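One structure is given here, and the rest of the page talks about it.
Just so you know, all these numbers are worked out from the coordinates, no wet-lab data involved. What you see is a predicted model, and the numbers here were worked out from it, not measured in a lab. In this analysis, Cβ positions are derived from the backbone assuming ideal geometry, glycine residues included, and neighbour counts consider all displayed protein chains.
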Amino acid sequence: MRVPLGWLREYVDVQLSPEQLAERLTLLGMEVKGLEHWGADWRSVVVGELLTVEKHPHADRLHLTTVNVGSGEPLHIVCGANNIAPGQRVPVALPGAVLPGERRIERTEKMGIASEGMLCSGDELHITSDAEGILILPPATPLGRDLSELYGDVVLDVDVKPNRGDALCLIGLAREVAAATGAKVRWPEITVQEAGGPVSDRLSVEVREPQLCTRFVGRWVSGVKIGPSPDWVQMRLQAAGMRPVSNVVDASNYVMLELGKPTHTFNGAAVKEGTIIVRLALPGERLETLDHVQRELTADTLVIADPSGPIGIAGVMGGADSEITDATTEIAIESAVFDPVSIRRTGHRYALRSEASLRFEKGQEFRLARIGADRVAQLTLAWAGGSVAKGRVDTAPEEPASAKLAFRPARVGKLLGAPISTDEQRSLLRRVDVDTEPAPAGTRIQVAVEPQPLVVDPGSEETLVAVVPTWRRDLVVEADVAEEVARVRGYETTPAHLPDTLMPAYRPSPLRVRQLIRDTLVGAGLTEVVTHALVSPLHEARLRWPADDDGVAFPEPAVGDPIAVTNPLSTQHSVLRRQLVGSLLDVLALNERQGRADVAIFEIGNGYGRADAAPREWTRLSFLLTGSAEPASWNRIASPYDLDDAKGLLELLCRSLALPAPGYAPDTRGFPFHPGRAFSVREQSPDEILAGRVAELHPDVVQEWDLRSQRVIVAELAILGLGRGRLPRIHVAPIPRFPGAERDLAVIVAESRTAAEVQTTIADHGGVLLRRIRLFDLYRGNPLASTEKSLAYRLEFGAQDRTLTEAEVDGALEAIRKGLAADLGAHIRS
Amino acid sequence: MDFESLSGDLHRLMDLALAEIAKADDPAALEQLQIQYLGKKGGLTAVLRGIGGLPPEDRPRVGAVANEIGEAVKIALAERGAQLRSAAQAQRLVAEKVDVTLPGRTVRRGTLHPIPETIAAIAEIFGQFGFVVYEGPEVEDDLTNFQMLNIAPDHPARDLWDTLYVDIPGRLLRTHTSPGQIRVMQSTRPPIRALLPGRCFRYEAVDASHGFEFFQVEGLMVDEGTSMADLKGLLDEFAHALFGPRKTRFRPGYYPFTEPSVAFDVECVVCGGVGCPACSKTGWMTILGAGMVHPVVLQYGGIDPERYQGFAFGMGVERIANLRHAVPDLRYYLENDLRFLEQFR
Ligand SMILES: [Zn+2]
């Protein structure tokens, strides 16, 4: 809320500088987001007195004036306005002046006559909305003075929190200033001279929805003359960020800013039979609102109606037909209390949220309905004349007494961690107009209201009753009193110490395993990315990634349909991703546009899906490799990433995580994979901690993503520990005491056999003496047949309790040879 | 043949050998000289063949002279050999000289993303004070994201969280990590010290300081007598750990799920408190919101608000990362331009 300091001072004395005041309010919970110097953009605009006003010899619509600006020779200024006369005091922009919007005023010539500056309208200065005439200043305005000194002000931008609707006005903020400084709040004198007949002759009100409109106060003013409101009113409204409209509408807005009471003024002549009915809209009813939009009203919309139909949406916006116009003479004033929830829903439904509805949504002080109606009538009379009808129409004249809230001063101290004496608490509360009384016997404490009210018996603990001012609808439970005590006392008085209570039980951190993986992959040259979880639906369509239940047993499988956002900001981000791979492709595309060809990235993040109308989330590690694994440099040639690099990373990960080496199984489905370069991976521990898919992408995918890279290798991996934070334990085997024996074995096998098959067969037939198998050569060509290949392994044999004899090793080797021949049709090259 | 002439032959042989050894300039020549003088068919052996013509009493004297001379030649050979080897090594070392100022062979290393890194830094600090990490679902229900946090449907405070809804009735994308408070309280008993990092979503147009996806870290501590003073002490430690010795302050704030609520400010890291555009001339930067857990929230968590009290705090990870790394634009984080990420090495 914008608070002009000059206006605020009308309700409370402020001795502090604007900066000091801003800090005090901030520390009290009314955060001042900014200080604006209103009028700081009038430079070299001074008060002048018109000496002469004559017709321009060459232009009917222009005047030649001479203006005394207090010093030096009178200035000759050409002016186009018609409301000027000698003797008036007016704002004069001197040559070199700057007006709002960086408008520069220079010496000019108008129709052959020099003009040494400009006379300003209220609109040109952004003081009033009058663009037609020159702003006429009061006769006593001191000559020659800078206008910004006279009319400039400081405007505080206060962020009033949603629970403090009572402070969305000058009186409310004056109360906060008073709480901070000890000054007294001055209410405006509100008296209404009622010269007209009884209001009941003019207006009757029927509330058919007393739940939604708990009070309706009406007043009537006859014989008004619509026109602009006084300049000082317009200036205040402008400074507070509200556009002046006309004297009657301004009176209503002025009261909203002053008291926080939204009211509405109708053209009384347009209210049929002087009868207002507050009811729900009927099916098919329509209303043209003040913004000249025809609106179809839904049946749960609370409307202000007359016998012929709706004339306004209650608390949100009035109707165009009953709008105040220049010809209006009869004014009906509505000052009501509406159900906050109903107003909020209505505002959302019609996408119409006004300053008024924002205040209604936060709840209204009941008595303000009466006070607001009186104040609008008073100001209307003062600014637009006419006569106010006697009395008010009031559907609920009985005003509730202040609420009482019991609290235990010791509890307040316990919550804040600082014992505060009861006397001090009482005097702190007094500063926010909360009186305290001794609690009568049997008083109980409201600790919570919802979900089930919790009311406790204070027993022998000292208890007080706080008398809550009617405007403080936010003080409901004991903890609310603690906050008032704390904020008025100031948090600088709260002690600070480290907790010394019991520690919680140990819990493994899910971040730990991730940290290990992240460090490992970064060390291996990959850069971590964090991408949007919300992606384009095109990801699904372009990628068609296989579901996890398709052929591989995944821990925490990714299954189910994608989850869509029903109110997305854009289709680019409208679906929750199921895989991370698409996001990595987006990152690749972005970096390719920056000229990057070598990209190695990974992300640990969630995938999302729905199964049986329940959302599911799973955590994945995904990586993408393209371009050079090692960029070329003076001492090395570039080597492009290939599938073996991906496998190297998988093996490295398994070593980092203390998992057995992973096993690979070909995936020949084709799209989205390269049919000959894709596999599923599974680490071979009994817990099945890691599983996933790794592939070079099918060229069609690369093309759909509009990528320049030819070969893109991606992996999407489920790692059980990602969500759990626990790793398998390492069980140490004794260091061999007897040396092992090494043998090389070249296995010639058909092309169609995989390395995994050969290695498994060797392991199966190697017996207990086989310690290690390592592939060291892959050979194709002479003298092998074109359908064959040779895989050369180095095998290590050994035993814990002895050095093996030649015969033992040869025996084991022979068993392997036979096994390879029998199982795979392989033979050994010697 | 007498002793004198034989001895003279031996000494001449020695002089000749020593002269040749001194002139030898490679190991092969030395080897040749060794054979030539000391070998089975060498000069020394040849001279000694004449020993048979000497009187028996002279023979041992000649033997002694021959040994002496043989030793002298051996020593000369060894010394010259060592000289040659060291010269050869010195030459090789000169030849092996490289330009040590050339850059090294790159060992490729990636970089860690600042968001998880900042989360890890925050978790490390609070971990020292016994806070354990939990994670909650990102697709939440309205009940846990709002209602159990004392934000009823149609509560005006809902304006603080513009929400993205999903096509599963009653579900939404969590607007903050605060629902994790409820989940932790429902799954464990006090004493609770929990940290909840994670991704959040809001219906918010993207610009330099807003995004529809962002990360938060929530903290929760509940026990008998956990107070605002504990919160203040802990947050002071946190701020000092992250930003060094700087002034901090509490000021009143507002959240429906805490009462009292505070905002926690740290002396501006840009200007040090004198006021600058980065801190809107206030000298302070707000780094998180906090407060004492509202009794309603404790009740929804299944905790008796008469017996227990606690505090909660929540911070934006990007905000903390911005302050640590002076990142000018929030969009950098999820855009993943490598020119940004690679600066975090
Ligand atoms: Zn600063």
Extension reserve of the residue A:800-residue A:190 stretch, reckoned as 0.36 nm per residue once the Cα distance is removed | 209.3 nm
Which angle between 0 and 90 degrees, to the nearest 10, do you get for helix B:114-127 versus the longest principal axis of chain B when only C-alpha atoms count?
-> 80 degrees
When Cβ neighbours within 10 Å are restricted to other protein chains, what is their mean count per residue of peptide A:331-341?
-> 1
State the antiparallel share, in %, of DSSP beta bridges confined to the protein assembly as shown, rounding to the nearest 5.
-> 95 percent
With unit charges on the beta carbon (Lys/Arg positive, Asp/Glu negative), name the residue among A:67, A:470, A:822 whose Cα is farthest towards the positive pole of the charge dipole of the protein assembly as shown.
-> A:822
Estimated dipole of chain A in Debye, rounded to 20 [Cβ of Lys and Arg +1, of Asp and Glu -1, Cα centre] = 1280 debye
Inter-probe distance in nm under a simple model that places probes 7 Å from Cα toward Cβ, at residue B:331 and residue A:760 = 5.1 nm
For residue A:752 and residue A:183 in one chain, what is 0.36 nm times their gap in residues minus the Cα-Cα distance, to one decimal in nm?
-> 195.5 nm
May I ask which of A:414/B:232; A:184/A:362; A:184/A:390 have a Cα-Cα span longer than 23 Å here?
-> A:184/A:362; A:184/A:390
Rounded to the nearest 500, the 222 nm mean residue ellipticity computed for chain A from DSSP H runs (n ≥ 4, each -39500 (n - 2.57)) alone is -7000 deg cm²/dmol
Packing rank of A:753-760, A:120-127, where each peptide gets the mean count of other beta carbons within 10 Å, highest leading | A:120-127, A:753-760
Along Cα→Cβ, 7 Å out, is where each label goes; now give me the distance between the ones at residue B:247 and residue A:33 in nm to one decimal.
-> 2.5 nm
Straight-line reach from residue B:23: which lysines have Cα under 28 Å away, leaving out those fewer than 8 places along the same chain?
-> B:40, B:41, B:74
Charge sum, other residues only, whose C-beta stays under 12 Å from residue A:381's C-beta, Lys/Arg counted +1 and Asp/Glu -1 = +1
Assuming R0 = 25 Å, what is the FRET efficiency of residue B:15 and residue B:61, from their Cβ-Cβ distance, to the nearest 0.05?
-> 0.80
Hey, got the average number of other protein chain Cβ atoms within 10 angstrom for residues in B:227-240?
-> 5
Isotropically averaged projected area of the protein assembly as shown, using the convex hull of Cα atoms (one quarter of hull area), nm² | 78.7 nm²
Evaluate E = 1/(1 + (r/R0)^6) for residue A:275 and residue A:382, where r is the Cβ-Cβ distance and R0 equals 30 Å; express this FRET efficiency to the nearest 0.05.
-> 0.60
Of the residues A:608, A:383, A:632, the Cα lying farthest along the dipole of chain A towards its positive end, which is defined by charges on the beta carbon of Lys, Arg, Asp and Glu, belongs to A:632
Residue exposure sequence - A:380, A:52, A:531 - by fewest surrounding Cβ within 10 Å | A:52, A:531, A:380
Could you give the size of the charge dipole of the range B:3-95 about its Cα centre, using +1 on the Cβ of each K and R and -1 on the Cβ of each D and E, expressed in debye and rounded to the nearest 20?
-> 300 debye
Given the rule -39500 (n - 2.57) for each run of at least 4 DSSP H residues, summed and divided by the residues of chain B, what is its mean residue ellipticity at 222 nm, to the nearest 500 deg cm²/dmol?
-> -13000 deg cm²/dmol
Identify the residues of the range B:45-89 with backbone N under 13 Å of a label point that sits 7 angstrom from the Cα of residue B:23 along the Cα-to-Cβ direction, or state none.
-> none
Report the charge-dipole magnitude of the range A:43-151 in Debye, nearest 20, computed about the Cα centre from +1 at each Lys and Arg Cβ and -1 at each Asp and Glu Cβ.
-> 80 debye
Got a sec? Charge dipole of the protein assembly as shown, +1 on Cβ for Lys and Arg, -1 for Asp and Glu; which of B:14, A:623, A:498 is way out at the positive end?
-> B:14
Packing rank of A:215-225, A:394-404, A:731-741, where each peptide gets the mean count of other beta carbons within 10 Å, highest leading | A:215-225, A:394-404, A:731-741
Isolated Cys residues of chain B, judged by Cβ distance under 4.7 Å to other cysteines | B:200
How high is the FRET efficiency from residue A:787 to residue A:559, r the C-beta distance, R0 45 Å, rounded to 0.05?
-> 0.65
Could you order peptides A:623-633, B:36-46 by the average number of other Cβ atoms within 10 Å of their residues, highest first?
-> A:623-633, B:36-46
Separation of the residue A:507 and residue A:243 label points, Cα + 7 Å toward Cβ, nm | 5.4 nm
Residues of A:32-45, mean number of Cβ from any other protein chain within 10 Å of their own Cβ, rounded to a whole number?
-> 1
Zone reached by a paramagnetic label modelled 7 Å from residue A:776 Cα along Cα→Cβ, restricted to the range A:730-758 with backbone N below 17 Å, covers A:740-748
Computed over the range A:403-490: relative contact order in percent, which uses C-alpha pairs under 8 Å that are six or more apart = 43 percent
Hey, fewest Cβ within 10 Å first, where do A:321, A:146, A:667 land in order?
-> A:146, A:321, A:667
Fewest Cβ neighbours within 10 Å first, please rank A:292, A:497 accordingly.
-> A:292, A:497
